[in-house]
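For reference, the structure is listed below as structure tokens.
The values are calculated or read from the model by the stated rules, or taken from the named source; none is laboratory data. Given the structure is predicted, the values throughout are model-derived calculations rather than measurements. Counting neighbours? That spans all protein chains shown, and the Cβs are built from the backbone with ideal geometry, glycine included.
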Amino acid sequence: MKKIVIVYGTRPELIKLIPLIQQMKANKQINLLLINTGQHKEMVEELEQVFDITPNINLNIMQHNQSLNQIMINVAQAINPILIKEKPAIVLVQGDTSTASTVATTCFYNKIPVGHIEAGLRSFNIYEPYPEEFNRKVISLLATFNFTPTTNATNNLLAEGVNKATIFEVGNTIVDMVALVKEKYIQNITYNENLILITAHRRENHGEGILAICKAIKKILTTHPHLKFIWPLHPNPNVKDVVTNELKDIANVQLTVPLSYLSLTQIMQSCKLIWSDSGGIQEECPSFKKPVLILRNVTERPEVVTSGFGKIVGTNIDEIVKQTILILSNDEVYQSMIEGKNPFGNGTASQQIINIILEKL
């Protein structure tokens, strides 16, 4: 049996790792060790409970209002002795978090192979998204296996001089996850053609960006009062306090606490349109067949745009309003955005990753 370690610390990581974890647990050739760094405590625990995932080790590194430097130091100090003791055949990390980059770097210092799931995404702006663009580039320098989700991601790595022999294009595990959720958890959801879902929390949007999104909502409701907005608020006061202050008394705007993943997917299934600065939401929209307005100036997931599902609007009030009204009032435009092929694969990424690891290690 091969000892494989999977490390996660945030909800977006675990969401994309769940189908892989489930398939690895069922594989008799794998001795799976799960490590939760605790970067997102409550949101990750909720997912673990729903999907029956019990980490073997929980590092509990989360501290109130900790900086990125503190996360990096705490993760590295906690996981280093575990890696030395366990001597895994490979450690898998997902995406672009501080957990992923720190664990990968610590593995490199101990000459432990690293598999990077969702490798090769680039915005080509080191500060947008911040710190994720940097984190991804760091992992690419040292990964033994770069599991890319798309041809575009593969080409990004090749352009950077990453060894072609380390690159495996498998699709994105989010397609596996949405298929799992649709099959087992979110059937018979009522469609609401007037509902718009908003998720916005990125650091680069704190301040003027969040304010602009709020102003766009108000402007749209003056001419389209039948529309309804639901915004699950990130607990960061730079988001929560600003949005609450701006929108708490606005009719047809529902501000909620952070929702469970299943509750959020139910709304994604039922809504007409999504506004988001979240990378994960962008990737899920093709699986849910929903158009998304991307509340960022750049995206490291350009496939969402080129496949038709998304439009980049940044936090420009006039552009958000214009595109929202166009998409909702013109059925031809709406249909053209959701009829394309899913650019993130066919839902077999998890099994491909397992097959490649067992064959190559």
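Quick rundown of the values:
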| quantity | calculated |
| --- | --- |
| Residues of the range 118-175 classified as in contact with a helix residue (DSSP H, G or I) (Cβ under 9 Å, 6 or more places away or on another chain) and on the phi > 0 side of the Ramachandran plot, total | 4 |
| Yes/no for Pro225 being modelled with pLDDT of 95 or more, of a type outside the set (D, E, K, R) and over 26 Å from Gly340 (Cβ atoms) | yes |
| Conditions (1) surrounded by 19 or more Cβ atoms within 10 Å (Cβ to Cβ); (2) closer than 24 Å to His226 by Cα; (3) of a type in the set (Lys, Arg); number of the one not met by Arg301 | (2) |
| Candidate set: the range 251-272, residues that are modelled with pLDDT of 95 or more and more than 18 Å from the chain's Cα centre (by Cα); chosen: the one farthest from Leu47 (Cα to Cα) | Asn252 |
| Condition check for Glu284: assigned to a helix (DSSP H, G or I), out of contact with any Leu (no Cβ under 8 Å at 6 or more places or on another chain) and at pLDDT below 95 | no |
| Qualifying position, being touching a residue at least 12 places away in the same chain (Cβ under 8 Å), in contact with a helix residue (DSSP H, G or I) (Cβ under 7 Å, 6 or more places away or on another chain) and surrounded by fewer than 18 Cβ atoms within 10 Å (Cβ to Cβ), among Leu293, Leu262 | Leu262 |
| Residue ID - surrounded by the fewest Cβ atoms within 10 Å (Cβ to Cβ), chosen from residues in the range 214-223 that are touching a helix residue (DSSP H, G or I) at 6+ places or on another chain (Cβ under 7 Å) and closer than 22 Å to Met268 by Cβ | Ile220 |
| Number of the condition not met by Ser278 [criteria: (1) farther than 18 Å from Lys16 by Cβ; (2) in contact with a Pro (Cβ under 9 Å, 6 or more places away or on another chain)] | (1) |
| Any helices (runs of 4 or more DSSP H) falling wholly within the range 94-194 and containing at least 2 residues that are surrounded by 19 or more Cβ atoms within 10 Å (Cβ to Cβ), under 20 Å from the mean Cα position of the chain (by Cα) and not assigned by TED's automatic domain parsing to the domain that holds Asn58 | 173-184 |
| Residues of the range 102-136 satisfying the condition of being touching a Phe, Trp or Tyr at 6+ places or on another chain (Cβ under 8 Å) and more than 17 Å from Gly280 (Cβ to Cβ) | Pro113, Val114, Gly115, Ile126 |
